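Since the structure comes first, as structure tokens, the remarks are kept for the end.
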Amino acid sequence: MIDIHTHVFPPEIVRQRENYFGEDPAFRWLYDSPQAKLNTAEELIQAMADQGVEQSVIFGFPWRTLKLMRRHNDYIIEAQHRFPRHLIGFACVNALETGAAAEVERCLAAGCRGVGELAFYHEGLGGDILSALAPIADLCMGYGVPLLLHANEPVGHAYPGKSPMQLGDLYSLVKAFPELTLILAHWGGGLFFYNLLKKEVPAALKNVYFDTAASPFLYRPEIYRLAAEILGPEKILFGSDYPLLPPSRYLKEMQEGGLSPEHQEMILGKNALRLFGG
């Protein structure tokens, strides 16, 4: 089993998160509640052993200051080096901040194997987002690594982390970087449904994957089977959004939703192995 969507934080942030609320309003929005868990890499390794996960992609938070971006990315790089058989580090930045692309390049040169989870919690995906992402997308293509982007459904209930994103803006982003290997988190906010269109969209989504992060909180179990039919099971990657939910919740829903054992194996690990060259 390979989990391609997990969050880990340096111990000092885990211990005293309130000290960082003033640094970033999005961090406070997501983690102000004591029930919002923050875990270290060591805690993730233990959870992986308990749940039967062999490898996890780890990333930090898109902080608004370069200092915190660098600190968190350094922690990700250190964790990947300490647990090389189990952890795959991604560089995380706020693409709108000065120095973000240079920080991505620093991290990729240091061994990170992707970029993400990039998120624009308050901005959505309009405005200057495409131009801000362009140099980062170029770096990902140059290094041959994927970019994982936060997405969410533009309708339904509100919750911390739900950005003012529109599917049209997300689709424009996909089309702007046709050669980029892109992973859209949280089922891409439902964008995969439009793979049913006869023209343009299937070609535009050729290099796009969709992860399952937070699915048990958002969708009925049938989504696994339906998404596999619409996209092809090879385009779906298992992500738990650790420490939000344990993998066991996803396994239960995959079975309840009627996903075949063969497709479960693909989503839970085979697709990620192919993506990361395992």
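Every read-out reported here was derived from the displayed coordinates using simple, explicitly stated rules and does not represent laboratory data. If you're wondering where the values come from, they're calculated on a predicted model, not measured in any experiment. Note that we place each Cβ from the backbone using ideal geometry, even for glycine, and neighbour counts take in every protein chain shown.
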Per the C-alpha gyration tensor (a ≥ b ≥ c, the square roots of its eigenvalues), segment 1-61 is rounded if a/c is under 1.5, else prolate if a/b beats b/c, else oblate; here it's prolate
With a ≥ b ≥ c from the Cα gyration tensor eigenvalues, square-rooted, and the rule rounded for a/c under 1.5, otherwise prolate when a/b > b/c and oblate otherwise, the chain is rounded
Taking 189-200, 52-63, 262-273 and ranking on average Cβ neighbours within 10 Å, highest first, one gets 52-63, 262-273, 189-200
Note: segment 1-153, point scatterers on Cα, Debye, no solvent; log10 I/I(0) at q = 0.10, 0.13, 0.17 Å⁻¹ equals -0.33, -0.57, -0.99
Taking the dipole of the chain about the Cα centre (Lys, Arg +1; Asp, Glu -1; charges at Cβ), the one of Gly99, Leu118, Ala137 that reaches farthest to the positive side is Ala137
Rounded to one decimal in nm, the spacing of the 7 Å Cα→Cβ label points at Ala49 and Glu200 is 5.2 nm
With -39,500 (n - 2.57) per DSSP H segment of 4 or more residues and division by the full residue count of the chain, the 222 nm estimate, nearest 500 deg cm²/dmol, is -11000 deg cm²/dmol
Residues whose built amide H sits under 5 Å from the amide H of Ala213, excluding neighbours closer than 5 in sequence, are His186, Trp187, Gly239
Free-by-geometry Cys in the chain, Cβ-Cβ under 4.7 Å as pairing rule, reported as Cys92, Cys140
Here segment 140-145 yields Karplus 3J(HN,Hα) values (6.51, -1.76, 1.60; θ = phi - 60°; whole Hz; Gly and Pro given as x) of 4, 5, x, 8, x, 10
Within segment 82-98, the residues whose backbone N lies under 17 Å from a label point placed 7 Å from the Cα of Arg70 along the Cα-to-Cβ direction are 91-95, 97-98
Simple SL model, points at 7 angstrom along Cα→Cβ for Ser248 and Ser33; separation in nm is 2.2 nm
Among beta bridges assigned by DSSP with both residues in segment 125-278, the antiparallel ones amount in percent, to the nearest 5, to 0 percent
For segment 63-110, shape from the Cα gyration tensor axes a ≥ b ≥ c, cut at a/c of 1.5 then a/b versus b/c, turns out prolate
Rounded to one decimal in nm, the spacing of the 7 Å Cα→Cβ label points at Arg82 and Asp128 is 3.6 nm
